[in-house]
Amino acid sequence: MFKRADRPLRPSALPDDPLKPVHVMTATSDAETGSTLASEPKGIGTVLTILFAFACGALAANLYYAQPLVALIGRDTGLAVSLESLIVTAAQAGYAIGLILLVPLGDIFENRKLILATMVLNLFSLAGLALLPGLFALFSMTLLVGITSVGAQMIVPLAASLAPAHKRGEIVGNVMTGLLGGILLARPVASFLAEHVGWRGVFGVSGLVVALILATGYFIIPSRQPRTGKGYRELIGSLGHLFVSEPVLRRRGLYHAAMFASFSMFWTAAPVILFREPFAFSPGEVALFTLAGVFGVVAAPVAGRLADRGHTHVGTMVAICLAIAAFVLAWFGQTTFWPLLLAGIVIDLGVQANLVLGQREIYQLDESIRNRLNAVYMTTFFLGGAIGSALASPLLETFGWTAVCLVGAGLPASALAYFLLVEREG
């Protein structure tokens, strides 16, 4: 009989030196995939956790650097104003492609080599974006940056696999703190750097950061070799089956799709009204406003610890209610700044907490398919975020800020209704 991979480990199984690579070998059979992992998690040290968090943040930030820079990039490259937003679209489209086509490879290829190879490609694409002239290079390199930034979504499942079951939520929460911090800091950091080194310099600096992480990771990221009988086509084809056959994965993906849609709607529409009267903010002041979201990173480790203590049910309700409350606050922010600022903090707290709670739940399903579980989960709510961003401008321009707040609150409210309908406290 094989041992269950989620059984808590003895203290003696943890590594003495957090810098020393841990070669993970599990012994879990997987009836759905016909695969076997030959290892049992040996733990994850503090240094490796910090590296994973930093790497996830640096890679995820690549998707958001262009958002405050599209006008500057457009002027420099001769891109029509009406097409400038396609720069961001290219990065997001690339990320979606990577989630579907690359992240599942973590279930069949050795994880360390896959992560490092993806980061090498990310480094080259960032260099191309910083150095190569012309619109074709701009869009092709931006697309490739998005595709290869999914290395972050290979790291999170690896961290979950290395962590003992009784600390899995805490470890995932800590790693996700770095990823979310990268997302939330990307916009203000890009605005600040662009004033000093130009928009190309922003991606050059990002490349230097990725290179540093790559060099460090080469020595301390542990090996993890999954064993599966699936080929690549069968692997990708199984993604849709997982969404249908795994109710926990499906529910958590849909909850967070609604949450992330409201999140994207808020952060797309709020800067627009700040540029207008009565606020008339400058781009720099709007960049400072976006820093409000940084407070949301504290929710990730707290949510992870709550999940480890068995409070996922209550935590999910609180997280969703925070998103609803954020838009109630935001409704008072059309002419007053402080409610809008508080709304930015509250919605980030709710969304980041719900993200980690969802990941903690899906990573408990089957460790041998964690990369595919993560790919389906991320793709599901990523599509929700795209819908939220797409709705923000038409709602604001046609019906006004009140409509944005009503729809923004309605999305998580629908998730809460679904949650109360189908979930039972365990």
Study note, to complete from the structure: Within the range 396-426, DSSP-loop GluC sites (Glu not before Pro) with at most 13 other C-beta atoms within 10 Å are Glu425
Practice item. Considering the options Thr177, Tyr418, Ile221, tell which one lies farthest towards the positive end of the dipole of the chain, charges being +1 on Lys and Arg and -1 on Asp and Glu at the Cβ, about the Cα centre. Key: Ile221
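Can you show me the helix-derived [θ] at 222 nm for the chain, built from DSSP H runs with n ≥ 4 at -39,500 (n - 2.57) apiece and divided by the number of residues, rounded to the nearest 500.
Helix contribution divided over all residues of the chain: -24000 deg cm²/dmol.
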Check your understanding: How long is the gain from His196 to Val120 if the chain were fully straight, where each residue apart is worth 0.36 nm and the alpha carbon distance is subtracted?
Key -> 24.7 nm
Check your understanding: For Thr46 and Thr335 in the same chain, what is the full-extension length gain: residue separation times 0.36 nm, less their Cα-Cα distance, in nm?
Key -> 99.5 nm
Practice item. Please find the FRET efficiency linking Leu406 to Phe295, where r is the Cβ-Cβ separation and R0 is fixed at 25 Å, and quote it to the nearest 0.05. Key: 0.50
Check your understanding: With charges only on Cβ, +1 for K and R and -1 for D and E, what is the dipole size of the chain about its Cα centre, in debye, rounded to 20?
Key -> 820
Exercise for review: Treating only the Cβ atoms of Lys and Arg (+1) and Asp and Glu (-1) as charged, compute the dipole magnitude of the range 242-426 about its Cα centre; round to the nearest 20 debye.
Suggested key: 260
Review point. log₁₀ I(q)/I(0) of the chain at q = 0.09 Å⁻¹, via Debye over equal Cα point scatterers, no solvent, to two decimals?
Key: -0.53
**Study point:** Residue among Ile387, Ile115, Ile362 with the largest mean-square fluctuation in a Gaussian network model of the chain, springs linking Cα atoms under 10 Å
**Key:** Ile387
Practice item. Step through the residues of the range 356-361 one at a time and calculate ³J(HN,Hα) from phi using the Karplus curve (6.51 cos²θ - 1.76 cosθ + 1.60, θ = phi - 60°), rounding each to whole Hz and writing x for Gly and Pro. Key: 5, 4, x, 5, 4, 5
Review point. What list do you get for Trp338, Trp199, Trp331 if you sort them by fewest beta carbons within 10 Å?
Key: Trp338, Trp331, Trp199
Practice item. Report the net charge of residues surrounding Arg200, where surrounding means a beta-carbon distance below 14 angstrom and charges are Lys +1, Arg +1, Asp -1, Glu -1. Key: -1
Revision key, fill the gap. With Cα coordinates, the longest principal axis of the chain makes an angle with the long axis of helix 111-131, in degrees rounded to 10, of 20
Practice item. Just subtract the alpha-carbon distance of Ala280 and Leu131 from 0.36 nm times their residue separation and send over the number in nm, one decimal. Key: 50.2 nm
Exercise for review: Could you work out how far helix 168-220 tilts from the main Cα principal axis of the chain, as a 0 to 90 degree angle to the nearest 10?
Suggested key: 30
Exercise for review: Mind checking which of Ile155, Ile108, Val209 is farthest towards the positive end of the chain's charge dipole, using Cβ charges of +1 (Lys, Arg) and -1 (Asp, Glu) about the Cα centre?
Suggested key: Ile108
Point to revise | Cα-centred dipole magnitude for the range 167-231, charges only on beta-carbon of K, R (+1) and D, E (-1), debye, nearest 20 | key: 420
Exercise for review: Provide, for q = 0.09, 0.10, 0.11, 0.18 Å⁻¹, the log10 of I(q)/I(0) from a solvent-free Debye sum over equal Cα point scatterers in the range 44-227.
Suggested key: -0.31, -0.38, -0.46, -1.11
Exercise for review: Give me the angle, in degrees from 0 to 90, between the Cα long axis of helix 46-61 and the longest principal axis of the Cα atoms of the chain, rounded to the nearest 10.
Suggested key: 40
Exercise for review: Compare the peptides 365-372, 352-359 by average per-residue count of other Cβ atoms within 10 angstrom and give them in order, highest first.
Suggested key: 352-359, 365-372
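Each reported figure results from applying straightforward, stated rules to the coordinates on display, with no laboratory input. Model, not experiment: these values are computed from the prediction. Because the Cβ atoms are built from the backbone with ideal geometry, glycine has one as well, and the counts that use them run over all protein chains shown.
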